Amino acid sequence: MNVTTNTRAERMSFWEKLYLPEIAKGLALTFKTMFKPKMTRQYPEERWEPLGSYRGRPVLVLEEDGERCVACGLCSRVCPALAIEVQAAETARDKERYPAKFEINMLRCIYCGLCEEVCPEEAIVMSKDYDIVFHSQEEAIFGKDKLLVPIARLQERLEFLRQYK
Amino acid sequence: MSSLAFTLVKGAIALNFALVIAAALVYLERRISAWMQYRIGPNRVGPFGLLQPLADVLKLYTKEDIVPYNANKTFHRLAPIISIAVALAMLCVIAPASYVLLEDGTKLFIAVAPNVNVGFLLILALSSIGVYGITLAGWSSNNKYSLLGGLRSSAQMISYELAMGLAAVAAVMLSGSLDMNHIIASQAGGRWNIWFQPIGFIVFLVASFAETNRAPFDLPEAEPELVGGYHTEFSGMKFGLFYLAEYANMFTASAVMTTLYLGGYDMPFLPQLLGLQEGTVARVLFELAVFFGKVSVLLFFFIWVRWTLPRFRYDQLMNLGWRVLLPLGLANIIVTGAIVFFVR
Ligand code: SF4
Ligand code: SF4
């Protein structure tokens, strides 16, 4: 009979073929691991606070005298997922234009951050919200009521943008 | 109370107990596996997540029961029943404690079927029937993956049953009886078979991992290559029964190993120290605690090994069974036989 024993596996000694010593090593490792600290985060109670560089859902910056957005429509043009709809209207304030309607379809948004990048006014920025829930398709379209966020809560992201954009 | 009624009561208690244990094992398995992987595991349902198995069973009951169009309906229904029935039937000869001495001098045995003179043979026979459940499940689903799982299972069980039987023969030779109560009595006072039969114990242990389809021998349900193996086409409580059967089998295998190698409910010195007389209720409770303590150690070992070792390749499995365990078992019998013959 022409038996070739070329591979290392076939040349294992009897004890190695029994696997027992290696098994004992493995068992010791898993047993030690049982008493190590756990890595799981208990999510709803323990929330994760992202850094400024995190791209959560896009929001509109709300200053003391109203929103920053001038309804130029650039974000809407650049959005690769066609998620943004802007309708401009005139206002008596200095900037002259404001969005009468600003909607982001959160089922479409892919959190790419292009809208933020293209905005000339730094009026749309990525927030830290990562748990976005809705029960119907209609609910998923966020209007100005949900999009406008006071500037105080976006400081970290704005600073990040100033530094790296 | 007539003895038949008493046996039925004992049987009912044993069945329910085994099912509760199986459910608890599912919880423990998930918890321990989580700890071994730096996770926490189920902890939401009830205190410490203890009600998780209950929630799982409720979910399984409310699931749709899907039977493949071309499946053999009869066997598809029969297979999970065989699996769970065999796993539970083995419990009947297991003796978790000795007996209570009644006032009129009769002994009230705790085992469901005490003093069956072929007790251990019965267990081996029943465990071979268990393979039908899995093989039929694989065959009747009319799915190639399930069929492969079923085939693997039969090949694996046949290979390892031999080694298991051989290992057991040596232990039985030492005890001189197949009766479970006798086997335990012969190990009384700490003369457990494991001290005299370390090799036999290891062979038996490895073989029972294979018999219960537990990792590292869970080839019949290998997820990566067989989707789910024999239970791919089962849903709802039919799947649940297979799942329960796996854990019930684990429990039975641990109980058998405890009886055969770890001295069953025997614990040297302690009962004498505590002043527990044989035949009293207190002694029986103590024995139950000892027995289930030993069984839990083995059960933990089952879970521990599953989350440590990767699955064997098919040829490795066959090599280990036929080229390592079988010769070891045979040599063990010859050596034991010679010693028993010349020493006694
Ligand atoms: S993050 Fe990207 S996808 Fe989402 S609204 Fe902005 S440009 Fe569109
Ligand atoms: S958010 Fe920025 S880019 Fe979009 S319409 Fe307003 S000003 Fe223009």
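A few points about this structure:
- Residue in the range A:86-106 that is away from ligand 2 (no atom under 12 Å from the Cβ), in contact (Cβ under 8 Å) with a residue 40 or more places away in the chain and either more than 14 Å from chain B (Cβ to nearest Cβ) or among the aromatic types (F, W, Y) (or both) present: yes
- Condition check for B:I183: open to solvent by 20 Å² or more (accessible area, probe 1.4 Å) and of a type in the set (V, I, T): no
- A:K146 being under 19 Å from the mean Cα position of the chain (by Cα), within 16 Å of ligand 2 (Cβ to nearest atom) and modelled with pLDDT under 90: yes
- B:A188 meets all of the listed conditions (1) open to solvent by 20 Å² or more (accessible area, probe 1.4 Å); (2) in contact (Cβ under 8 Å) with a residue 24 or more places away in the chain; (3) within 15 Å of B:L121 (Cβ to Cβ); (4) of a type outside the set (S, T, N, Q) but one, namely (3).
- In the range B:33-47, the count of residues that are touching a Pro at 6+ places or on another chain (Cβ under 7 Å), within 14 Å of chain A (Cβ to nearest Cβ) and at pLDDT below 85 is zero.
- Condition met for B:I66 (open to solvent by less than 30 Å² (accessible area, probe 1.4 Å) and either among the β-branched types (V, I, T) or within 14 Å of chain A (Cβ to nearest Cβ) (or both)): no
- Residue within the range A:121-128 that is surrounded by 18 or more Cβ atoms within 10 Å (Cβ to Cβ) and within 14 Å of A:C79 (Cβ to Cβ) present: yes
- Elements of the type helices (runs of 4 or more DSSP H) sitting completely within the range A:10-107 and holding at least 2 residues that are open to solvent by 100 Å² or more (accessible area, probe 1.4 Å): these cover A:14-18, A:20-34.
- Among the residues of the range B:40-63, those that are in a helix (DSSP H, G or I) and surrounded by fewer than 19 Cβ atoms within 10 Å (Cβ to Cβ) comprise B:P47, B:F48, B:G49, B:L54, B:A55, B:D56, B:V57, B:L58, B:K59, B:L60, B:Y61, B:T62.
- Within the range B:208-227, the only residue that satisfies the criterion of being over 19 Å from B:I303 (Cβ atoms) and open to solvent by less than 10 Å² (accessible area, probe 1.4 Å) is B:L226.
- Those helices (runs of 4 or more DSSP H) of the range B:233-344 in which at least 3 residues are within 30 Å of B:L101 (Cβ to Cβ) and out of contact with any strand residue (DSSP E or B) (no Cβ under 7 Å at 6 or more places or on another chain), considering only elements entirely within it, cover B:236-261, B:270-274, B:281-306.
The values are calculated or read from the model by the stated rules, or taken from the named source; none is laboratory data. Note that this is a predicted model, so its numbers are computed, not measured. No Cβ is skipped: glycine too gets one built from the backbone with ideal geometry, and neighbour counts run over all protein chains shown. Accessible surface is based on the protein model in full, side chains and every heavy atom, while ligands, DNA and RNA are left aside. Shrake-Rupley method; radii C 1.70, N 1.55, O 1.52, S 1.80 Å.
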